[in-house]
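Visitor: Before I ask anything, here is the structure I am working with.
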Amino acid sequence: MIAICQYGGDFDTHDDGFMTYIGGEAYAVDLDENMQLGDFKQEIAETIDSTVDGMIIKYFLPGNKKNLITVSKDKDFQRMVNYYKEADQLEVFIMKEAPPGKNTKKKQPARRPQKTPQKAAETAAIVQSSTAPSLTPTLNNAVALNEPTDVEMGNEITPAAVPISSNPFPMAVIDNDQRIAARQWENLITGVGQRFHSLAEFREALRKYSIAHAFNFVYKKNENQRVTVKCKAEGCPWRIHASKLSTTQLVCIKTMRPTHNCQGVTSKAPFRAKRSWVGNLIKEKVKESPKIKPKDIATELKRDYGIDLNYSQARRAKEYAREQLLGSYKDAYSELPFFCDKIMETNPGSLATFSTKEDSSFHRLFVSFHASISGFLQGCRPLLFLDSTPLNSRYQGMLLTATAADGDDGAFPVAFAVVDEENADNWHWFLTELKVVVQTPGQITFVADFQKGLRESLREIFGGECYHAYCLGYLAEKLNKDLKGHFSHDARRLMVEDLYAAAHAPKLEAFEKCTEDIKAISPEAYNWVIRSEPEHWANTFFGGLRYNHMTSNFGHLFYSWVSEANELPITQMIDELRGKMMQLIYQRRVESSQWITRLTPSMEDKLKNEVIKARSVQVLRSHGSKFEVRYGETVDVVDIENWDCSCKGWLLTGLPCCHAIAVLESYGRSPYDHCSRYFHVETYQLTYADSIHPIPNVERLVDSEAEDGTVLVTPPPTMRTPGRTKIRKVAPGGRIGPSDFLKRQLQCGKCKGLERLRMLQVAKDNKADGCGTSGPSVAFGVAFGKDFK
């Protein structure tokens, strides 16, 4: 919504009671329904070059022009927004005091008689002769402090410029350690007779001059032909007036009282420094250090210029500077149609598509490069990790990612999408586009969350062509959230540890032992685990192949990339991600060309570790291709023809376990021949065989109606709310895990065992006392009962 802010005029009340606003100026300010009253006032103050002190906001109710409503608190502000939420704009009136009464007219100030050049010279002479000798060197022939008098210049005669003091505050001490960079602006205003090419140049010089001398000013007149400014301090005589010379565009200072009797103040950005002005001031700094933080910008401006900025103002100034350097965020959305065309033109076989809402505002964008599609189909396991990460951009949004695992267990980006928010509809659309580019003959295993519509969308789109492995991190996060408030930190930590152990358990006996440990603490938590569909997350029951990858955080590579690029306009952000992917593919292709082993380095190390353990395995032939092996006190059966071992290690990892290696070596077979083909160097090199090509800059002016009928994409309606954006930090190791529950309290193994014994004793005591499942367990069971059906 746009707020039309009327400022500087007066109300005229007609005989019928209707009020009309006359005079003043109108300003347009963006209004967000999530905005608070203080933020709205701050935006208005920066727009009209004023302060929020004493600011009063009033408005008319829809259809009522007789009564003005005052906005004095956030509740009033929200009520005003709700009244006009169906409209695209509303009108508000900005005042410094209550509006005038009925039929009040704007009074014209009495015009002061003009002094002739002769009288002006006489006045200057009188002032100079009456000035105390001790002040003469300080004031440098300027007017006396106690007798402020205008030094004027007529329109016909132009005397030489009157110089002013380098310290216009005779009674104030200016800190020389502050405003170091602002010293260069101390003499931008020299006095009467000084000329400027335009009023804009004069205003800019005046702004910098005031910062250098640390005082605030207000405009008494700010028109197309003339500007009158006075010091903001009450009773201070400092004043300056400039106007255009006749028959020319030059601007000349006609009147100036160059001395202050105030102490000066620290420059407050809300009053004087607009976003654009500060943005231009820091543009070179942002160009040199694109990652500079808003708080560092505020610190440097305070140190160098004495300008105080809060975090929000510094962030907005940085955004403006980035827009000036990199282009407009709004224009970037209008370039999306051409950008997508360029992606598919420069990288044949790629897919880049977007969609808009009914009002042509941006909805979502999907990108998958041919090199990623080809690399996944030729060299990666049929395993995809689906995840999301928030975008800290001007228009917020989310990045949805589909990442594969290469033969060295490195993250391989396959596809990504920018969407306005993470919801079931956007995930459904993303998976629909993903299926177009990853058409494989076999089944794909997806490691993803089970919420936000992912479970239903995967079943609907891929059907029987996929397995859905629930991300263990999300599952543990859900369990911890449901347990919180019903159990202590230690009890929750123990149950989450048991959940992880149950998920990794390769055999039914181990799974049941872990779940029984949970049941001993809380029968309801045990029921939670059983109803959470273990066939989608427990190794014992899962039917697909996920190569022991239990969480979907494999896309953490995207997190680091996005953190570096998410403040860029959308087209440049996508191109930055493309550049990162292009560089990654090239680097890994070069590195793999130097490998001399049969397997990738990480898989080579894992296999060697199993070979070492195989030396302690005893092999006994059973029947046909099956062998009985003994490792310590354990006995397992190996089927070398079906690449299977009862320990499930071969199946879960794709590499022969120590039992299988012992059997293979006893018959002279090489373990390398029984490793998954995806771990061989030749397959790894196929993953990175193709390259991603650069995309030329898209610089095309887009009219409101494109000639070829292309849709003009506008930014999404959601913008970042005022204030500092809170970003969820993602740990390098992934989402919530057992180690996260150990951060609060460090315990040795003995203490942890004692804690578990204490929990078990509490459970036994409850049962012995006839408590059954009363207490926190019951409340937890009620809260969770409907999560899994």
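The values are calculated or read from the model by the stated rules, or taken from the named source; none is laboratory data. Predicted model, so just to flag it, every value in this text is computed and none were measured. Here the Cβ is made from the backbone with ideal geometry for all residues, glycine too, and neighbour counts use every protein chain on show. What goes into the accessible areas is simple: the full protein's heavy atoms, side chains included, and nothing from ligands, DNA or RNA. Shrake-Rupley method; radii C 1.70, N 1.55, O 1.52, S 1.80 Å.
Visitor: Using a 1.4 angstrom probe, figure out how much accessible area the range 281-422 has per residue, in square angstrom, rounded to the nearest whole.
Guide: With the other protein chains kept in place, the range 281-422 gives 34 Å² per residue.
Visitor: Out of residues 5 or more away from Cys657 or on other chains, whose amide H comes under 5 Å of its own, with H placed 1.01 Å from N in the peptide plane?
Guide: Trp650
Visitor: Students often check this: by mean Cβ neighbours within 10 Å, which of 410-418, 360-368, 286-294 ranks highest, and how do the rest follow?
Guide: The densest-packed peptide leads the list: 410-418, 360-368, 286-294.
Visitor: Of the accessible area of the range 308-463, with the probe set at 1.4 angstrom, what percent is carbon plus sulfur? Please list the in-between numbers first.
Guide: Values: 2290 of 4920 Å².
The computed percentage sits at 47.
Visitor: While we're on this one: What FRET efficiency would be calculated for the residue pair Glu25, Ile292, taking the C-beta separation as r and a Förster radius of 30 Å, to the nearest 0.05?
Guide: 0.30
Visitor: With Cβ to Cβ distances under 13 Å as the rule, what net charge do the other residues near Leu557 carry (K, R +1; D, E -1)? Provide the component values of the computation, followed by the final result.
Guide: Details: positive: Lys580, Arg588; negative: Asp387, Asp406, Asp409, Glu564.
So the environment of Leu557 carries a net charge of -2.
Visitor: Note the direction-averaged projected area, equal to a quarter of the hull surface, for the Cα convex hull of the range 234-357, in nm².
Guide: Hull-based average projected area comes out at 14.4 nm².
Visitor: Taking a ≥ b ≥ c as the square roots of the Cα gyration tensor eigenvalues, with a/c under 1.5 meaning rounded and otherwise prolate when a/b beats b/c, else oblate, which class fits the range 465-619?
Guide: Note, shape of the range 465-619 comes out oblate.
Visitor: Hey, another quick one. Amide H to amide H, which residues 5 or more places from Asp644 or on other chains are under 5 Å from it, using H placed in the peptide plane?
Guide: Here the answer is Asp639, since their amide H atoms fall under 5 Å of that of Asp644.
Visitor: What are the ³J(HN,Hα) couplings of the range 43-53, residue after residue, when phi is run through the Karplus curve with 6.51, -1.76, 1.60 and θ = phi - 60°? Round to Hz, x for glycine and proline.
Guide: Each residue of the range 43-53 in turn: 4, 5, 4, 5, 6, 9, 6, 9, 10, 7, 5 Hz.
Visitor: Which FRET efficiency, nearest 0.05, do Lys626 and Glu86 yield, Cβ-Cβ r, R0 56 Å?
Guide: Step by step, r from the Cβ atoms, then E = 0.15.
Visitor: While we're looking at this one, here's another question. Would you calculate the separation in nanometres between label points at Glu460 and Thr248, each defined as 7 Å from the Cα along the Cα-to-beta-carbon direction?
Guide: Placing both labels 7 Å beyond Cα along the Cβ direction yields 7.3 nm.
Visitor: As a test question: what accessible area, to the nearest 10 Å², does Glu665 have when a 1.4 Å probe is rolled over all protein chains in place?
Guide: Surface accessible to solvent at Glu665 totals approximately 90 Å².
Visitor: Can you compute 3J(HN,Hα) from phi for each residue in the range 396-401, using the Karplus curve 6.51 cos²θ - 1.76 cosθ + 1.60 with θ = phi - 60°, rounded to whole Hz and x for Gly and Pro?
Guide: Working through the residues one at a time gives 6, x, 9, 10, 9, 10 Hz.
Visitor: Excluding same-chain pairs closer than 8 in sequence, count the lysine pairs in the range 478-619 whose Cα atoms lie under 26 Å apart.
Guide: Pairs that pass both the separation and distance tests number 11.
Visitor: Quick check: from the Cα gyration tensor, does the range 341-424 come out rounded (a/c under 1.5), prolate or oblate?
Guide: Numbers: a/c = 2.70, a/b = 1.49, b/c = 1.81.
Oblate is the answer for the range 341-424, as a/c is 1.5 or above yet b/c matches or exceeds a/b.
Visitor: Arrange the residues Thr70, Thr445, Thr440 by how much accessible surface each exposes, largest first, with a 1.4 angstrom probe.
Guide: Final ranking, largest accessible area leading: Thr70, Thr440, Thr445.
Visitor: For Ser616, Ser328, give the ranking by accessible area with the largest first, probe 1.4 Å.
Guide: Ser616, Ser328
Visitor: Label-point separation (nm) for Ile56 and Glu633, each offset 7 Å from Cα along Cα-to-Cβ?
Guide: Taking the two extended label points, one gets 8.7 nm.
Visitor: Moving to a separate point now. Can you tell me the FRET efficiency between Ile2 and Glu345 if r is taken as the Cβ-Cβ distance and R0 is 25 Å, rounded to the nearest 0.05? Intermediate values should be presented prior to the final figure.
Guide: Values: r = 38 Å, r/R0 = 1.50.
With a Förster radius of 25 Å, E is 0.10.
Visitor: If you roll a 1.4 Å probe over the heavy atoms of the protein chains, what accessible area per residue do you get for the range 449-541, in Å²?
Guide: About 38 Å² of surface per residue is accessible.
Visitor: Follow-up question, since we're still on this one. Which ³J(HN,Hα) values, rounded to whole Hz and listed in residue order, are derived for the range 359-368 from phi using the Karplus coefficients 6.51, -1.76 and 1.60 in 6.51 cos²θ - 1.76 cosθ + 1.60 with θ = phi - 60°, glycine and proline given as x?
Guide: Rounded to whole hertz, the list is 8, 6, 7, 4, 10, 6, 9, 10, 9, 8.
Visitor: Can you grab the distance from the C-alpha centre of the range 332-405 to the C-alpha centre of the range 409-453, Å, no decimals?
Guide: Result: 11 Å between the Cα centres.
Visitor: Also: Need the full-extension length gain, Lys230 to Asp359, defined as separation in residues times 0.36 nm minus the C-alpha distance. One decimal, nm.
Guide: Working: separation 129, 0.36 × 129 = 46.44 nm, distance 4.70 nm.
Length gained, Lys230 through Asp359: 41.7 nm.
Visitor: Related question: Can you send over the solvent-accessible area of Leu651, 1.4 Å probe, protein chains only, in Å² to the nearest 10?
Guide: Accessible area of Leu651: about 80 Å².
Visitor: Starting from the Cα gyration tensor of the range 617-660, take the square roots of the eigenvalues, sort them a ≥ b ≥ c, and report rounded, prolate or oblate (rounded when a/c is under 1.5, otherwise prolate if a/b is larger than b/c, else oblate). Kindly include the intermediate steps, with their values, before the conclusion.
Guide: On the way: a/c = 2.24, a/b = 1.17, b/c = 1.91.
Oblate is the answer for the range 617-660, as a/c is 1.5 or above yet b/c matches or exceeds a/b.
Visitor: Name the residues whose placed amide hydrogens come within less than 5 Å of the amide hydrogen of Phe215, ignoring near sequence neighbours (fewer than 5 apart) on the same chain.
Guide: Close amide H contacts, sequence-distant or interchain: Val265.
Visitor: Express in nm, to one decimal, how much length is gained between Arg531 and Glu284 on full extension, taking 0.36 nm for each residue of separation and deducting their alpha carbon distance.
Guide: That pair, Arg531 and Glu284, stretches by 83.1 nm at full extension.
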